[in-house]
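Novice: Next up is a structure, given as structure tokens.
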Amino acid sequence: MTPLMLLSLACAPKTDPADQALAAPAPPPSIYPVTRTVDVVDDYHGTQVADPYRWLEDSDDAEVRTWIEAENTLTNAYLGQIPERDAIRDRMTELWNYERYSSPREVAEGVYVWSYNNGLQNQSVIYIADSPESEGRVLLDPNTLSEDGTVALSGTWFSEDGSMLAYAVSDGGSDWRKIYVMDVETGETHPQVLEWIKFSGASWAKDGSGFFYSRYDKPEDPGDFEAKNQFQKLYFHKIGTAQADDVLIYERSDQPTWGFGGSVTEDGRYLIVYNWEGTERKNRVFYKDLQTDGPVTPLLTDFDASYSVLANDGKVWTLETDKDAPKGRIVRLNIDKPGEWTEVVPQGEHVLQGASVLAKDKLVLQYLQDAHSMVQVREFKTGALVREVELPGIGSAGGFGGKRAQTETFYSFTGYTTPGTIYRYDVVSGESAVFREPAISMPEGEYTTQQIFVTSKDGTQVPVFVTHRSDIELDGSNPTLLYGYGGFNISLTPYYSTTARVWMEMGGVYAVANLRGGGEYGKEWHDAGRLANKQNVFDDFIASAEHLIEAGYTQPEKLAVMGGSNGGLLVGAVSVQRPDLFGAALPAVGVMDMLRFNQFTIGWAWESDYGSPQDPEMFPILHGYSPYHNIQDGVEYPATLVTTGDHDDRVVPGHSFKYAARMQAAQAGPDPVLIRIETRGGHGAGKPTQMRIEEATDKWAFLVKELEMALPEGFGE
């Protein structure tokens, strides 16, 4: 695994007459916990920058723990007095309670696995069977690993014959993983445990003797979850041996920021070593001939593009790349002559997002067309188009995986009003059929999704998906939630969300903006929203908000913005830049201090998108939009509910702590600034179902109050 998802997406989204205390929209400043300031000033290239809440960066400090408890007490009391909260939770729980399956995978001949959740299980369960139609048996149930559901499964990798399983678990949302090995037939787990693993999968040797994986050295202080992650190394773990005996395959002691991912080719001949550095979709490629136990050999080392090996026929390799093709293409080369390329599928009009080789001689290519899925089948040898896969509508298709000899595959399809459905696809005939369909649907005709295009500040056309009840009137009265991300080449595509559905049942409009900085239109779209161009992302989001108002969907006091991680930065930045434009803001696990983000865990890797504050050219740009540093005293900011986990080891919680404290001190208006801190949550991955329901409930309850929403009659019945 490369760190392409280091800033993964974090989350999908008045007055009671009997409660005169809540008639004032915000707690008076005197009610906020006392947050002391410190005299800390840093010098950035001659500019003095104060950081009065630096002390809040240490989550384990006793004083910080007291502050966390006080903030949570205030937030819980405020949310607990919102009358609609219980009805929202009940409806959220009711709609979340439906069976969910993943697409089956044939991990070995006649061995199929999938995940299943009965509705309200905190974690999905892994099943195994000899056919996809079988009920199967439970292979691994993560719900047994902890009482509160906060220990999650974060990866599964089967040996070639399907007899052994390597699986990774994460505790409390941490990016740190432990890998265990299970005997598939007996269900027994081996005593050896692999530790200090981040941003790595596992790839088995063809003979099942062991697998390749990457890890970091044990930290000097294992309890310091904020320490920088550097000097990743690639190892081979032999089954039945201790981690201390693992064989070092590759390291670069001269390159602290280089990370590695190992992948064994399907024929077992080569170990492909992908070398990443930062989060930009560029990588180097090395390889090791496992047949001869040869050295690790450089192949593509210019770090000029993204390269992914799809298949090999001996020394002839087929790759997906954006080299000289910002929207992606398929090429072929001989590893003995890496400078001589043959183009198989040229760059097209749409962005190539993924590819697989199936049915021996077919390429299955997944494209994005204006931020929704389009899939083609092409001849492997020539690249000639065979057909376009007929998808059920405008939405997101995912899957199409499998081994090269397989003639069938499975994929999922979802949209804003379409719960995820699993389809079986015959690659040879082109026949696509429903395999598993959820026993839940949105009433036909009652909701509608449309894609609109808004004009950003510089004239760029930005797509926005808008979904709502079909019977709303465009009279400016509709509570509206605008969601965005805009970074790291990550694309926001249509998907069904229980939380979004509840929001729309509450009478809300749900809008998702495909901002620059994402990957919706390829590398050029990404580049237009990163580094010195980052302000374009905020301008795109502001333009989207302004359009929703001008088009009659809503008005500023009825408009909320939401985003997580890099999207939390987005919400923090636009709240500070245009506080007049929004009625409420929901920044989650956000990167709020753009001058210190690279000092913690994997934050240094984000410099490929943000730049470095240590760079004198990038410093004024970062300082100019850093949410924490641009909060001004005496400004009326929108009602804000910050959310984070107290031990998020990706975007450390100090970002959110400092932002919330500064906002509380600066707020001149009547609206509240609150922070909700999950004490057993990390960045978001693997968060248990119950925790997700409670968090979504609190966000929607907050918006009901702050946007002065009146829930429709009969809501939740």
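The values are calculated or read from the model by the stated rules, or taken from the named source; none is laboratory data. Values in this document were obtained by computation on a predicted structure and should not be read as measured data. Glycine also receives a Cβ, built like all others from the backbone with ideal geometry; neighbour counts cover every protein chain displayed. Accessible surface areas use protein heavy atoms only, side chains included; no ligands, DNA or RNA. Shrake-Rupley method; radii C 1.70, N 1.55, O 1.52, S 1.80 Å.
Novice: List the number of the failed condition for HIS629; all other conditions in (1) touching a Leu at 6+ places or on another chain (Cβ under 6 Å); (2) over 30 Å from THR697 (Cβ atoms) hold.
Specialist: Condition not satisfied by HIS629: (1).
Novice: Does segment 47-103 hold any residues that are assigned to a loop (DSSP other than H, G, I, E, B), at pLDDT 95 or above and within 28 Å of SER626 (Cα to Cα), and which are they?
Specialist: Answer for segment 47-103, where residues must be assigned to a loop (DSSP other than H, G, I, E, B), at pLDDT 95 or above and within 28 Å of SER626 (Cα to Cα): ASP51, PRO52, TYR53.
Novice: Here's something else I'd like to know. Answer yes or no: is there a residue in segment 594-604 that is closer than 23 Å to ASP527 by Cβ and open to solvent by 10 Å² or more (accessible area, probe 1.4 Å).
Specialist: Yes: segment 594-604 contains one or more residues that are closer than 23 Å to ASP527 by Cβ and open to solvent by 10 Å² or more (accessible area, probe 1.4 Å).
Novice: Could you please find all residues in segment 396-429 being small (Gly, Ala, Ser) and open to solvent by 30 Å² or more (accessible area, probe 1.4 Å)?
Specialist: GLY399, GLY401, GLY402, ALA405, SER412, GLY420, SER429
Novice: Okay, moving on. How about segment 106-122: which of its residues are open to solvent by 20 Å² or more (accessible area, probe 1.4 Å), within 22 Å of the chain's Cα centre (by Cα) and either farther than 22 Å from SER159 by Cβ or modelled with pLDDT under 95 (or both)?
Specialist: TYR116, LEU120, GLN121, ASN122
A quick yes/no check of all residues on (1) under 26 Å from GLU277 (Cα atoms); (2) at pLDDT 95 or above; (3) open to solvent by 10 Å² or more (accessible area, probe 1.4 Å):
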site: LYS558; (1), (2), (3): no, yes, yes
site: GLY563; (1), (2), (3): yes, yes, no
site: ASN566; (1), (2), (3): yes, yes, no
site: GLY572; (1), (2), (3): no, yes, no
site: ARG578; (1), (2), (3): no, yes, yes
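Novice: Right, next: Can you find a residue that is acidic (Asp, Glu), open to solvent by less than 40 Å² (accessible area, probe 1.4 Å) and modelled with pLDDT of 95 or more anywhere in segment 315-326?
Specialist: Yes, there is a match, as at least one residue in segment 315-326 is acidic (Asp, Glu), open to solvent by less than 40 Å² (accessible area, probe 1.4 Å) and modelled with pLDDT of 95 or more.
Novice: Looking at GLU473, GLU524 in this structure, which one is farther than 30 Å from ASP304 by Cα and either surrounded by fewer than 22 Cβ atoms within 10 Å (Cβ to Cβ) or touching an Asp or Glu at 6+ places or on another chain (Cβ under 7 Å) (or both)?
Specialist: GLU473
Novice: Among (1) open to solvent by less than 40 Å² (accessible area, probe 1.4 Å); (2) closer than 17 Å to LYS534 by Cβ; (3) under 19 Å from the mean Cα position of the chain (by Cα), which single condition is PRO627 missing?
Specialist: The failed condition is (3).
Novice: Ok, one more. Failed condition for PHE453, given (1) open to solvent by 30 Å² or more (accessible area, probe 1.4 Å); (2) at pLDDT below 95, with all others met?
Specialist: Checking PHE453 against (1) open to solvent by 30 Å² or more (accessible area, probe 1.4 Å); (2) at pLDDT below 95, the one that fails is (2).
Novice: If you don't mind, another one. Criterion first (more than 16 Å from THR448 (Cα to Cα), modelled with pLDDT of 95 or more, touching an Asp or Glu at 6+ places or on another chain (Cβ under 9 Å) and not in a strand (DSSP E or B)) does PHE488 satisfy it? Quick ask: steps written out before the conclusion?
Specialist: Values: more than 16 Å from THR448 (Cα to Cα): yes; modelled with pLDDT of 95 or more: yes; touching an Asp or Glu at 6+ places or on another chain (Cβ under 9 Å): yes; not in a strand (DSSP E or B): yes.
Against the criterion (more than 16 Å from THR448 (Cα to Cα), modelled with pLDDT of 95 or more, touching an Asp or Glu at 6+ places or on another chain (Cβ under 9 Å) and not in a strand (DSSP E or B)), PHE488 qualifies.
Novice: Tally up the residues in segment 430-450 that are exposed (fewer than 12 other Cβ atoms within 10 Å of the Cβ) and not in a loop (DSSP other than H, G, I, E, B), please.
Specialist: The total comes to 3.
Novice: Using beta carbons and a limit of 8 Å, which pairs, at least six apart or on different chains, have the first residue in segment 448-459 and more than 25 Å from ILE472 (Cβ to Cβ) and the second one exposed (fewer than 15 other Cβ atoms within 10 Å of the Cβ)?
Specialist: Taking only residues 6 or more apart or on different chains, not a single pair turns up.
Novice: Test PHE286 against the stated conditions and say whether it is on the phi > 0 side of the Ramachandran plot and of a type in the set (A, V, I, L, M, F, W, C).
Specialist: No, not satisfied.
Novice: If you don't mind, another one. Kindly provide the set of residues from segment 466-519 that are out of contact with any helix residue (DSSP H, G or I) (no Cβ under 8 Å at 6 or more places or on another chain) and of a type in the set (Ser, Thr, Tyr), ordered by number.
Specialist: Within segment 466-519, SER470, SER491, THR493, TYR495, TYR496, SER497 qualify.
Novice: Within segment 139-160, does at least one residue satisfy the condition of being modelled with pLDDT of 95 or more, open to solvent by 20 Å² or more (accessible area, probe 1.4 Å) and of a type in the set (Gly, Ala, Ser)?
Specialist: No, because not a single residue in segment 139-160 is modelled with pLDDT of 95 or more, open to solvent by 20 Å² or more (accessible area, probe 1.4 Å) and of a type in the set (Gly, Ala, Ser).
Novice: Do you know which of the residues in segment 605-616 that are part of a loop (DSSP other than H, G, I, E, B) and open to solvent by 10 Å² or more (accessible area, probe 1.4 Å) is farthest from ASN566 (Cα to Cα)?
Specialist: PRO616
For every residue, the table says whether it meets (1) touching a strand residue (DSSP E or B) at 6+ places or on another chain (Cβ under 9 Å); (2) under 24 Å from ALA305 (Cα atoms).
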site: HIS190; (1), (2): yes, no
site: LEU194; (1), (2): yes, no
site: GLY201; (1), (2): yes, yes
site: TYR213; (1), (2): yes, yes
site: GLU226; (1), (2): no, no
site: ASP245; (1), (2): yes, no
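Novice: While we're here: Hey, can you tell me all the residues within segment 679-703 that are buried (at least 23 other Cβ atoms within 10 Å of the Cβ), out of contact with any helix residue (DSSP H, G or I) (no Cβ under 7 Å at 6 or more places or on another chain) and either aromatic (Phe, Trp, Tyr) or modelled with pLDDT of 90 or more (or both)?
Specialist: LYS699, LEU703
Novice: Further question on the same structure: Out of SER575, SER656, report the one residue that is assigned to a helix (DSSP H, G or I), in contact with a strand residue (DSSP E or B) (Cβ under 7 Å, 6 or more places away or on another chain) and over 18 Å from PHE538 (Cα atoms). Explain how you work it out, then say what you get.
Specialist: Values: SER575 fails: over 18 Å from PHE538 (Cα atoms).
Matching residue, one of SER575, SER656: SER656.
Novice: Determine whether GLY173 is surrounded by 15 or more Cβ atoms within 10 Å (Cβ to Cβ), in contact with a Gly (Cβ under 7 Å, 6 or more places away or on another chain), in a loop (DSSP other than H, G, I, E, B) and of a type outside the set (A, V, I, L, M).
Specialist: Yes; evaluated as a whole, the condition is true for this residue.
Novice: Residues that are of a type in the set (Ser, Thr, Tyr), open to solvent by less than 30 Å² (accessible area, probe 1.4 Å) and within 15 Å of VAL296 (Cβ to Cβ): which strands (runs of 3 or more DSSP E) entirely in segment 226-272 hold 1 or more of them?
Specialist: Output list reads 233-238.
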